[in-house]
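So the structure is just underneath, and the comments pick up after that.
None of the figures in this text is laboratory data; all of them are computed from the coordinates on show. Just so it is clear, the structure is predicted and the values come from calculations on it, not from any experiment. Every residue, glycine among them, receives a Cβ derived from its backbone with ideal geometry; neighbour counts consider all protein chains shown.
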Amino acid sequence: MRICFTLKIRADKIAEYKLRHAAVWPEMLHALRATGWRNYSLFLAPDGLLVGYLEADDFAACCARMKDYPVNARWQAEMAPFFHKLANGGADDNLMPLEEVFHLD
């Protein structure tokens with residue numbers, strides 16, 4: 001299954017957000033892989049629109065399993081100030097998955 005989601009980065013945090021993602025903690029990378037996230041990419045527009053893409057067998061299960069990893073809670077806490085309007089929890093609790101309406105294979 002292919003998943004695409006959006007979030008919004010605060011304009012004053014874009015440069016630092018890029019720096020943080022140039023050096024994601026090895027433990028966080030391990031947790032993502034161990035919970036089934038594959039082919040994961042983040043794309044950032046100049047206005048702070050963040051678009052994520054990944055592949056997973058069961059995205060809801062992958063997200064749920066990430067909560068079992070303490071590194072995820074630490075990462076989410078550190079990343080929370082970068083985002084606009086998080087309703088509750090971290091960014092992983094506020095992903096807005098998009099409906100796939102076309103795919104060219």
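For region 90-104, filtered to residues that are part of a loop (DSSP other than H, G, I, E, B), more than 14 Å from Leu54 (Cα to Cα) and among the aliphatic types (A, V, I, L, M), the residue that is farthest from the chain's Cα centre (by Cα) is Leu104. Asn72 meets the stated requirement of being crowded, with 16+ Cβ neighbours inside 10 Å and not basic (Lys, Arg). For Tyr53, the requirement of being touching a Cys at 6+ places or on another chain (Cβ under 6 Å) and of a type in the set (Phe, Trp, Tyr) is met.
Pairing each residue of region 90-101 that is farther than 12 Å from Leu7 by Cβ with any residue that is exposed (fewer than 10 other Cβ atoms within 10 Å of the Cβ) and among the aromatic types (Phe, Trp, Tyr), provided the two are 6+ apart or on different chains, yields no C-beta distance under 8 Å.
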